[in-house]
Amino acid sequence: MVQKEQRQGREKAVWWPQVKIWSVAVISIALLSACFIVSCVVTYDFTYVKTNKRLSELHTYHSGLTCFSEETRATEKVWGCCPSTWKYFGSSCYFISNEQTFWTKSEQNCVVMGAHLVVINTKAEQNFIVQHLNKSLSYFLGLSDPQKNNNWQWIDHTPYAENFRLWHQGEPNLSEEDCASLVFWSPGGWGWNDVFCNSQRHSICEMKKVNL
């Protein structure tokens, strides 16, 4: 009887640590799974709420939205939305204003619509925009020199020195001209020019499109 109890004790000593290890492993996997599920739910809820909030804001500013499907690299289709009267390219929506006003007012008008004055990041983006512009007019960009020290800044804080630039030859050339405009000059074509911020010009607004 004593030998039997000793044998059972030895067997228990062998398998009991294994049971504890497996128990810890199972509990750990369960906890990790629960954390993953919670993380997915929170991420989904955050994205869903954020998207709905953005759509609600756009409906406040604009009478209608135009949504379009796009192919992603993973061959999945996503939907992007812009206000119905705006043009869309890449990840942005663009509005060409028919109103002529000074730079600060132009930016305020864009903000009221949930946007900002346009920030041009690539040659392709500018090529798209100018297709919708009048060559006889000048359009404010979201680019200015607020400190009047040739320290140009984009309205959305995009780094100026590292970003795409397409000034007309010899521009910017006057320290008193602290705002940038997009204008067509022959024979150079479309390019940027520094102008007085209180001059009356048309403008281009830009907002990020909403992805569904």
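Restricting attention to segment 89-117, and to residues there that are within 18 Å of the chain's Cα centre (by Cα) and among the aromatic types (Phe, Trp, Tyr), which single residue is farthest from Lys135 (Cα to Cα)? Applying the filter and picking the extreme gives Phe89.
Would you check if Trp154 is in contact with a Gly (Cβ under 9 Å, 6 or more places away or on another chain), open to solvent by 20 Å² or more (accessible area, probe 1.4 Å) and assigned by the TED database to the domain that holds Ile204? The answer is no for Trp154.
Answer yes if at least one residue in segment 173-194 is touching a residue at least 12 places away in the same chain (Cβ under 8 Å) and under 23 Å from Gly80 (Cβ atoms), and no otherwise. Checking segment 173-194: not a single residue is touching a residue at least 12 places away in the same chain (Cβ under 8 Å) and under 23 Å from Gly80 (Cβ atoms).
The one condition from (1) open to solvent by 60 Å² or more (accessible area, probe 1.4 Å); (2) in contact (Cβ under 8 Å) with a residue 12 or more places away in the chain; (3) in the same structural domain as Val183 (by the TED database) that Phe89 does not meet is (3). Scanning segment 181-192 for residues that are over 26 Å from the mean Cα position of the chain (by Cα) and assigned to a strand (DSSP E or B), we see that the one that is farthest from Leu65 (Cα to Cα) is Trp185. Suppose we filter segment 157-173 for residues that are surrounded by 11 or more Cβ atoms within 10 Å (Cβ to Cβ), in a loop (DSSP other than H, G, I, E, B) and of a type in the set (A, V, I, L, M, F, W, C); how many remain? The number of residues fulfilling the criteria is 2.
Any chance segment 98-110 includes a residue that's among the hydrophobic types (A, V, I, L, M, F, W, C) and either at pLDDT below 95 or not assigned by the TED database to the domain that holds Arg165 (or both)?
Of segment 98-110, the ones among the hydrophobic types (A, V, I, L, M, F, W, C) are 102-103, 110.
Subset that is either at pLDDT below 95 or not assigned by the TED database to the domain that holds Arg165 (or both): none.
Scanning segment 98-110, I find no residue that is among the hydrophobic types (A, V, I, L, M, F, W, C) and either at pLDDT below 95 or not assigned by the TED database to the domain that holds Arg165 (or both), so the answer is no.
The values are calculated or read from the model by the stated rules, or taken from the named source; none is laboratory data. Please read all numbers here as calculations on a predicted model, not as lab measurements. Please note: Cβ atoms are built from the backbone with ideal geometry, for glycine as well, and neighbour counts cover all protein chains shown. Surface areas here come from the heavy atoms of the whole protein model, side chains and all, with no ligands, DNA or RNA. Shrake-Rupley method; radii C 1.70, N 1.55, O 1.52, S 1.80 Å.
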